[in-house]
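Working notes for the structure below.
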Amino acid sequence: MRSTSLIITSPNGERRSVELRKERVTIGRGSPTCQPDVELGPDQQQWVSRVHCILEFRAGAWYASDNATVNGTLIRRGDRTSRLEGAVRLQHGDTILVLGDVDSSGGARYWSLAYVDPHVTRPADLPLTPEDRPRVEVDRVGARVFRRIDGQRHEVVGLRPKAYQLVRYMTGRSFRNQGAPVVCTYAELITALWGERHEWPAGRSFTKEDVRDVVNDARARLELDKSQPRLLETVRGIGYRLAAWVGAAPFHEVDESPMVDSPGSARDSGRAIRGRGFEPVERPPTEDV
């Protein structure tokens, strides 16, 4: 069974460990008339009081207090050091400092008493939930796009039409995938952005490079640093994934049912409804682009 303890370091760097076994522990300089539970010595200058500070265990926690000493007691928590005033509840890692020496240049050297609680509650190392992850949110009614990174939500402005169309389409795909991001292939995105091949302007074709241009344009507005994208990710050799962890709320105001004609029609072949963000019928692309 591990016990709560103090790791004591003298002004000269010598270390020892003392377990806290009593509910009241006195710390100070030993003398013929007073023997503290934890002695800080030798103390030839007599800067340490005979009962310098007191540790008390109550209500399941240890508290430290200065005993109205001449030179006072300090407590260091993290990167902050302050005078110990009143009864302070100790936390794992706190360090009590008691003046022990002054060097030739006038620098103070302290007794260091680090409080070690082996039973401290540890923070759980949990993966980020969908709500915590960087993501894109789309207000389809207001035609507004937001990014949420590190707990901060900001509106994304200045998206060009094709970049907005890309974000809207990929967000819709996430919505219909139970809110999780979806990897969209190059072929799928080409269809979503420019339609079927027979709809392309005469003499014009669209390739991966055209999709990359739109993605780069979107990243310039979406990302904090487009050279290190956290929202619109490249899935090498396949396409792109938009970190659009979405719930139903942003989509309640519009009808998101896929718009297809009767079975066998041209729209039932897997075409995306351009500009509307509707999901194409799931089927693998018929050609590699």
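Structure data summary
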| item | result |
| --- | --- |
| Flag if residue 269 is surrounded by fewer than 10 Cβ atoms within 10 Å (Cβ to Cβ) and modelled with pLDDT under 95 | no |
| Criterion: assigned to a helix (DSSP H, G or I) and either within 13 Å of residue 242 (Cβ to Cβ) or in contact with a Cys (Cβ under 7 Å, 6 or more places away or on another chain) (or both) - qualifying residue of 187, 220, 180, 192 | 192 |
| Among residues of the range 141-170, those that are open to solvent by less than 30 Å² (accessible area, probe 1.4 Å), within 22 Å of residue 211 (Cα to Cα) and modelled with pLDDT under 90, counted | 0 |
| Residue count for the range 150-174, restricted to those that are part of a helix (DSSP H, G or I) and aliphatic (A, V, I, L, M) | 4 |
| Of residues in the range 216-236 being among the charged types (D, E, K, R), touching a helix residue (DSSP H, G or I) at 6+ places or on another chain (Cβ under 8 Å) and touching a residue at least 24 places away in the same chain (Cβ under 8 Å), the one nearest to residue 155 (Cα to Cα) | 221 |
| Residue within the range 199-210 that is buried (at least 18 other Cβ atoms within 10 Å of the Cβ), under 16 Å from residue 231 (Cβ atoms) and modelled with pLDDT of 90 or more present | no |
| The one condition in (1) open to solvent by 90 Å² or more (accessible area, probe 1.4 Å); (2) touching a Gly at 6+ places or on another chain (Cβ under 8 Å); (3) closer than 25 Å to residue 121 by Cβ that residue 84 fails to fulfil | (1) |
| Strands (runs of 3 or more DSSP E) (entirely within the range 1-80) containing at least 3 residues that are more than 18 Å from residue 100 (Cβ to Cβ) and open to solvent by 20 Å² or more (accessible area, probe 1.4 Å) | 53-58 |
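Quick grid of which residues meet (1) aliphatic (A, V, I, L, M); (2) without any contact (Cβ under 8 Å) to a residue 40 or more places away in the chain:
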site: 68; (1), (2): yes, yes
site: 84; (1), (2): yes, yes
site: 89; (1), (2): no, yes
site: 94; (1), (2): no, yes
site: 98; (1), (2): yes, no
site: 110; (1), (2): no, no
site: 117; (1), (2): no, no
site: 120; (1), (2): yes, yes
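The values are calculated or read from the model by the stated rules, or taken from the named source; none is laboratory data. Model, not experiment: these values are computed from the prediction. Backbone-built Cβ (ideal geometry, glycine too); neighbour counts: all protein chains shown. Side chains are part of the model used for accessible areas, which takes the heavy atoms of the whole protein and leaves out ligands, DNA and RNA. Shrake-Rupley method; radii C 1.70, N 1.55, O 1.52, S 1.80 Å.
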